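The structure appears below as structure tokens.
The values are calculated or read from the model by the stated rules, or taken from the named source; none is laboratory data. These figures come from a predicted structure and were not determined experimentally. Glycine also receives a Cβ, built like all others from the backbone with ideal geometry; neighbour counts cover every protein chain displayed. The area values use the complete protein model at the heavy-atom level, side chains included, leaving out ligands, DNA and RNA. Shrake-Rupley method; radii C 1.70, N 1.55, O 1.52, S 1.80 Å.
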Amino acid sequence: MIRKLLSAWLLPVGLVSASAMCVQVAWGGDTPQAKRSDPAPVQAENRRPAGDVNVKRLRESDSEPGQWLANGRDFGGSHYSPLKQINTQNVSKLGFAWQFKTSTYRGMEATPLVIDGVLYVSGIWGAVYAMDATSGRPLWTFDPHSDPSYARWAGEDVVNHGVAVWQGKVYVIATDCRLFALDAGTGSVIWKVNTLAKNTAGYECPGAPQVAGPVVVVGNAGGENGKGGVRGYVSAYDLTSGRLAWRFYTVPAIGEKDATPEMRRAAATWDPNRDPAFGGGGTVWDEMAYDPDLDLVYFGTGNAGPYNAPRDWSGGTSTDRLYAASIVALHAKTGQMAWHYQATPGDVWDYDATAGLILTNLSIGGTSRHVLMQANKNGYFYILDRENGRPISAAPYVYMNWSKGMDASFRPIVDRAQAEYDTSPKFVIPSMWGGHNWPPMAYSAATGLVYIPTIETGMFYADVRKNPGSHLQWVDGATGIMWLFADKSFSYEYWEPLVGPLPRLPPAKEPRVRGVLKAWDPIQKKVVWEQQTSQDYLMLDGGVLATAGGLVIAGREDGLLVIYDASTGKILKKLDTGTAIMAAPMTYEVDGKQYISVLAGHGGSVYAFLGTAGMQYVNEGRVLTFALGGAAEVPKSPPQVIKPFRQPPKQGGSPSEILKGKYLYNTYCTRCHSLGVPGITPDLSRLEDGIASLDVFQSIVRKGALLSRGMPRFDDVISESDARALHSYFVDEAWTAYRAEVAAKPNK
Ligand code: CA
């Protein structure tokens, strides 16, 4: 996804040559360790059964501030805690309390839950770890043994967004889309179900299950996979039996018989002559929400698949492609649609509407309103009436150029000159990563502010189907589209030969890619304070926790856990953890002591370590926990050992084969692999490390020799001669890196 960033051509000289690079992280150790210790009782003051969460408890969660019962703590998903033992006055004494290592080395995105002294959290592939919340002592570990071939469809890495705990069970979905109900006390499987309606290639499942009344609701991802994406849907299963209760498709199928009224309405907004192989997208891959009073379950849907289908630029509705890029409410009992609001009609920029939803009551114009809030990828902060879906306000929380505002019906007015890339490449803001992506935002009941981890950047969009010289054949759902980030490593010289002339950007005062934590007043629709969290390289800084102690807490990709004054944004404390933090911190109390905990580990769509803590330390998945009076130093993972390049194998390919390999790399490999810089998967310019020979390379790429480590086979799309071309290109890259290293050495 970050094609330029991952290119060795852009590698700052010295990054490779000065230090030795490491592949020890990448080649192994990326499956969860399935060790199960005897479940031991936790020293909690009460005798509740394990995982004892129910409607009453979650409704009254403010009366038990020491618990963190659901992903966002409460029914509203606020990511706000009423705890205040740790506060603005004493936070300087916050230090390291304990850690739990997952022995995995990929992206970590889940918020831990703490229920009656037990911490539950999910990791890669849908593994679950349960531990004593006061010490990190493991209680049990669950490994779903997810089918590793699904790694191919995991566009955001084999990450997992969290568990749901309910009435003694822990619900989690594996990357291969099997939903598990586990015994909260032991981790043993009570029931499991395959949530795939059809075993169509392209689906994968990263989302956290949502309990809604008598059912648990799950979605899936894959709106950009295969040819035209998968068809998105959510499924609801009976909490006790695992029986399918209902299923709701988010986008219509071609020629569907017995279509529901809402699907017939949606079908009128799609091209009836579209390729029947296109799945349609609209996948539901992030946090959902549930209102027990209205009995409505809420979710956002992803982009249409493919999202660069023809669009009516005059503003007509025939290409809106409902219900993609929408916020949807369903009746939890029946799965029937209550309402929808499409945030980005006719989206052609990958503006998924999937970011977290926060339910609360706001006083607007003197009236208390039951609202739903979202900082959408498209750059608008939405407040909807969650009873009927009617928009109350929509205001830009980041800089944008694709839209000039809203019409009276809250349909965004598109700035065609800036955003239409059918005819020529455009630089569109925000980027397809969105003004805000999945890292959770928080809403503080104390300050009334929403704290949003935003991304201030745009990107080039180029439709390369009309570029006959490019040879580019993107396999993503956005067939024939090219995204280029204008980060520090961007190079016109690399990309223009591939995609044609790109618009020249005027000189910028600030870096073109910035992570910025913003305190947003949802009623006044303005930023109250902001703090930059990263720059130059595209990354996802961490999700946010707000507390009644006047604190806002968020991690960063450089490994810092930063604590801000919730009112002013002043930085009160920084803890250097040595591990990139993308997930949201949470807080809880056991035996009168407040803890702050976060799941750390780099991954997701950003596979290279550039700019992250992974450049310095091994990218180990860790639950890191802090308390007042804890150690000043956080224990670090072992240093990232970056080995020097050894002499690569002889180049056997011709220049035209090398060029072909470059196109194939951009088509198939950049989704997961870095080139010339360390990343969470092997750096492909390091062919000397065990895969030097063409035969071994062929067996890995085409026959699945490393399937057990999550490297899928590609023989359906990569021929033997294609693999040879790829090999030639990587050998070429290895020689470039090796020669640069030799040249940089003194006396040589
Ligand atoms: Ca998307």
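Nearest 20 debye, what's the magnitude of the dipole of region 645-744 about its Cα centre given +1 on Lys and Arg Cβ and -1 on Asp and Glu Cβ? The partial results should precede the final answer.
Details: 12 positive and 12 negative charges, 17 e Å.
Using Cβ point charges on Lys, Arg, Asp and Glu, region 645-744 gives about 80 debye.
Note on Ala253 and Asn388: the model spin-label points, each 7 Å out from Cα along the C-beta direction, lie 3.5 nm apart.
Across region 645-744, the volume of the C-alpha convex hull divided among the residues equals 93 Å³ per residue. With every protein chain in place and a 1.4 angstrom probe, the accessible-area ranking of Lys257, Lys56, Lys426, Lys518, largest first, reads Lys257, Lys56, Lys426, Lys518. Computed with every protein chain present, the accessible area of Lys573 is close to 40 Å² [probe 1.4 Å]. Once the gyration tensor of the Cα atoms in the chain is diagonalised, the equivalent ellipsoid follows with semi-axes of 37, 31, 26 Å, ordered largest first. Past 20 Å, Cα to Cα: identify those pairs from Lys377/Lys404; Lys93/Lys518; Lys509/Lys573, in the order given. Beyond 20 Å between Cα atoms: Lys93/Lys518; Lys509/Lys573. Note that region 376-382 has calculated 3J(HN,Hα) couplings of 6, 4, 6, x, 9, 9, 9 Hz, one per residue in order, obtained from phi through the Karplus relation 6.51 cos²θ - 1.76 cosθ + 1.60 (θ = phi - 60°); glycine and proline are x. Kindly provide the helix-only [θ] at 222 nm of the chain, computed as the sum of -39,500 (n - 2.57) over DSSP H runs of four or more divided by all residues, to the nearest 500 deg cm²/dmol? So the helix-based figure for the chain works out to -2500 deg cm²/dmol. Which listed residue (Ser363, Leu322, Phe697) has the Cα farthest towards the positive end of the charge dipole for the chain, taking +1 on Lys and Arg C-beta and -1 on Asp and Glu C-beta about the Cα centre? Of the options given, the answer is Phe697.
Note on region 97-202: Cα-Cα pairs beyond 25 Å make up 19% of the total pair count.
Working note: Karplus 6.51/-1.76/1.60 with θ = phi - 60° gives region 636-645 the couplings 9, 6, x, x, 6, 8, 9, 6, x, 5 Hz, where Gly and Pro are set to x. For a quick check of understanding: with a 1.4 angstrom probe and all protein chains in place, what accessible area in square angstrom does Thr367 have, to the nearest ten? For Thr367, solvent-accessible area is about 70 Å².
For Tyr399 and Val696, the difference between the fully extended length at 0.36 nm per residue and the C-alpha to C-alpha distance is 102.1 nm. The residue among Val211, Val234, Leu182 whose Cα reaches farthest toward the positive pole of the charge dipole of region 173-234, with charges on the beta-carbon of Lys, Arg, Asp and Glu, is Val234. For Glu633, Glu204, Glu64, Glu510, the ranking by accessible surface with the largest value first comes to Glu633, Glu510, Glu64, Glu204, using a 1.4 Å probe. A 1.4 Å probe, protein heavy atoms only, puts the accessible area of Asp183 near 50 Å².
So, R0 is 51 Å and r is the distance between the beta-carbons of Glu60 and Asp536; what FRET efficiency does that work out to, to 0.05?
Values: r = 46 Å, r/R0 = 0.90.
Computed FRET efficiency for Glu60 and Asp536 comes out at 0.65.
For Leu560, the residues whose modelled amide H falls within less than 5 Å of its own, excluding neighbours fewer than 5 places apart on the same chain, are Thr577. Spacing of the modelled spin labels on Glu496 and Ala508, each 7 Å from Cα toward Cβ, amounts to 1.9 nm.
Charging the Cβ of each Asp and Glu at -1 and of each Lys and Arg at +1, and nothing else, the dipole of the chain about its Cα centre rounds to 560 debye.
Can you work out the FRET efficiency for the pair Gln651 and Arg137, with r the C-beta to C-beta distance and R0 = 60 Å, to the nearest 0.05?
Numbers: r = 53 Å, r/R0 = 0.89.
That gives a FRET efficiency of 0.65.
With each label modelled as a point 7 angstrom along the Cα→C-beta vector, the Ile571-Leu707 pair spans 4.8 nm.
Given the Cα-Cα distance of Asp275 and Asp716 and 0.36 nm per residue of separation, how much length would full extension add, in nm? Write out the running numbers ahead of the final one.
Working: separation 441, 0.36 × 441 = 158.76 nm, distance 2.03 nm.
Length difference between fully extended and current span is 156.7 nm.
If every alpha-carbon in region 505-617 counts as one equal scatterer, what log10 I(q)/I(0) does Debye give at q = 0.15, 0.21, 0.23 1/Å? For region 505-617 at q = 0.15, 0.21, 0.23 Å⁻¹, log10 I(q)/I(0) is -0.70, -1.17, -1.29.
Which FRET efficiency value, to the nearest 0.05, do you get for Lys643 and Ser103 by plugging their Cβ-Cβ distance into 1/(1 + (r/R0)^6) with R0 = 25 Å? Walk me through the numbers on the way to the answer.
Values: r = 22 Å, r/R0 = 0.88.
Taking R0 as 25 Å, the efficiency between Lys643 and Ser103 is 0.70.
Here Lys745 is the anchor, and no aspartates and glutamates lie within straight C-alpha reach of less than 13 Å, apart from those fewer than 8 places off in the same chain.
Here's the picture: charge each Lys and Arg Cβ at +1 and each Asp and Glu Cβ at -1 in the chain, and of His79, Tyr290, Ile571 the one pushed furthest to the positive end of that dipole is Ile571.
Stretched out straight at 0.36 nm per residue, the stretch from Ser149 to Asp521 would grow longer than its current Cα-Cα span by 129.5 nm.
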